[in-house]
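Here the structure is laid out as structure tokens; the discussion comes afterwards.
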Amino acid sequence: MKNQPKPLPQKHKSDQRLLYLIIFFLVKGMITLAFLNLYMGSKLEIMEQSLAEMMATMGGNSFHLASQHRSTNNNDIKSALIFDTAENASVSRPVLSKNDAHQQFFNATTKHFQGGKITPNNSNGSLPGKEKLWYILTTRNITEIDANYWSSVPSWDVILNGIQSPLSTTQPPIIHGLETCELFQQYTSANPSNRRIAPAGLFNTGTNYLSVLLDYNCQNPHRVAKFHGNAKRGHGNEWEVPWGKHTPPHFRGSYSKNSKAEYTPEEVLPIVLVRNPYGWMKSMCKNPYAAKWGGMHDEKSCLRLKKENDEWNTVDVNFGPGKTHHKSLAHFWNDWYGEYFYKNFTSHDGDTTAPFPRLIIRFEDIIFFPREVTEKVCKCAGGVLGHRQDDKDVVHGKFHYVVRSAKAGMGHGPASQRNGLVDSWIRYSDDPRKNYDKETVTSVEDVLDSTMVETFGYR
């Protein structure tokens, strides 16, 4: 008779069950972390964006990624931007203590600069021309900054010359569509607590950054009262317009990203971010998102509007509700903004009457005039500037500036390549056309919509 295997001792059986149990929980934990990573990718973007705004608005307390040197930041603040699947900006956000934020600021700056810390002032010549910028930082309890880093920040006059065409008769900040504010408020007068403000804009135009500015600084008083004074829940700012912040507005009313929304598209005031097309095109070459065109990954050919055979280098974009087709990257800029700018863009009749209440603001202006822009946008929708009780990083009554990068999560690149407010002052203070050869500038100028370019001071 063959020998039968001996049964395992009771102790070994217990050890074996324990081992299986440990393996089970390890596998479960890994799967959970994977899902959390996907989920929090979008949430962290909102969180970081909120910190960014807090740091920028308050002037420096939580000066984190914003203090990294521009050479390490290859992504733009852009519409800054979490995924299109992100929830609105009312999501809870983490808050750095003042001491932690202050230390993070200096850790980041001294990593790239070794010029010693200074307090900018008139006597040492480091303050004149930069008073407005330094004030923003001091509102965040920043009292010192690396000397070399600060010296790389341009003066206010240089900034104004860089972001505004000398041919423009309108001084920044430029806000297009203020005449539609009254119409929006009239339409929503029956239920003002349901008014919403929501960003929209092409990829790489700063929508996340704007969302955080509004989230922390703008409040719908009727809605706040509805939530018994809770401005965190009742501020009335959404993460994006119902049809999707990057989606062309011809989908407005026929497509909604949130089927459970308790408001209509007419109760949402879109705040459309536009960016200098030359700077925007460069950013699209670095991060094209849902757009595709020939040579997009080739630095030399990415910006070419035409192929070697003189045919247009067409661009296809895959939006949530459908695809769009454009003759070139510059045509894409024209087509997308034309739908918000003209009454009937497809008719090409040149009627600049607003198709519906909306504001169009510049990416450059929310970087250099964040308070001024936020206040006008908020007022347009019947809101007021206000301080949220849960915002512990900002002194009561102070505007909440975003200093840290407004991007986080998958799709936005590593943290080392995301910039904050000071890096943006450095990066976006110059005319982006300087990064193009004359031939490319001429070819782009021939395509761009001259009315829109002149309206926004990009000529």
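A count restricted to region 170-207 and to residues that are among the hydrophobic types (A, V, I, L, M, F, W, C) and part of a loop (DSSP other than H, G, I, E, B) stands at 4. Could you tell me whether region 140-157 includes any residue that is part of a loop (DSSP other than H, G, I, E, B), open to solvent by less than 10 Å² (accessible area, probe 1.4 Å) and farther than 27 Å from residue 287 by Cβ? Yes, that holds for at least one residue. All conditions in (1) more than 17 Å from residue 370 (Cα to Cα); (2) open to solvent by less than 30 Å² (accessible area, probe 1.4 Å) hold for residue 136, with the sole exception of (1). Can you say whether residue 188 is in contact with a Lys or Arg (Cβ under 6 Å, 6 or more places away or on another chain), crowded, with 23+ Cβ neighbours inside 10 Å, among the β-branched types (Val, Ile, Thr) and farther than 18 Å from residue 402 by Cα, as far as the supplied structure shows? For residue 188, the condition - in contact with a Lys or Arg (Cβ under 6 Å, 6 or more places away or on another chain), crowded, with 23+ Cβ neighbours inside 10 Å, among the β-branched types (Val, Ile, Thr) and farther than 18 Å from residue 402 by Cα - is met. The numbered conditions (1) at pLDDT 95 or above; (2) open to solvent by less than 10 Å² (accessible area, probe 1.4 Å); (3) closer than 26 Å to residue 427 by Cα are all true for residue 212 except (1). For region 255-266, taking the residues that are in contact (Cβ under 8 Å) with a residue 40 or more places away in the chain and out of contact with any Phe, Trp or Tyr (no Cβ under 8 Å at 6 or more places or on another chain), the one that is least open to solvent (accessible area, probe 1.4 Å) is identified as 263. For region 341-358, the count of residues that are outside any loop (DSSP other than H, G, I, E, B), without any contact (Cβ under 8 Å) to a residue 24 or more places away in the chain, on the phi < 0 side of the Ramachandran plot and open to solvent by less than 30 Å² (accessible area, probe 1.4 Å) is zero.
Looking across region 289-332, just one residue is assigned to a loop (DSSP other than H, G, I, E, B), within 21 Å of residue 201 (Cα to Cα) and open to solvent by less than 20 Å² (accessible area, probe 1.4 Å), and that is 328. Of the residues that make up region 324-342, is at least one over 29 Å from residue 306 (Cα atoms), small (Gly, Ala, Ser), in contact with a helix residue (DSSP H, G or I) (Cβ under 7 Å, 6 or more places away or on another chain) and at pLDDT 95 or above? No, region 324-342 has no match at all.
The values are calculated or read from the model by the stated rules, or taken from the named source; none is laboratory data. Fair warning: this is a prediction, and the values are worked out from it, not measured in the lab. Counting neighbours? That spans all protein chains shown, and the Cβs are built from the backbone with ideal geometry, glycine included. Only protein heavy atoms, including side chains, enter the accessible area calculation; ligands, DNA and RNA are left aside. Shrake-Rupley method; radii C 1.70, N 1.55, O 1.52, S 1.80 Å.
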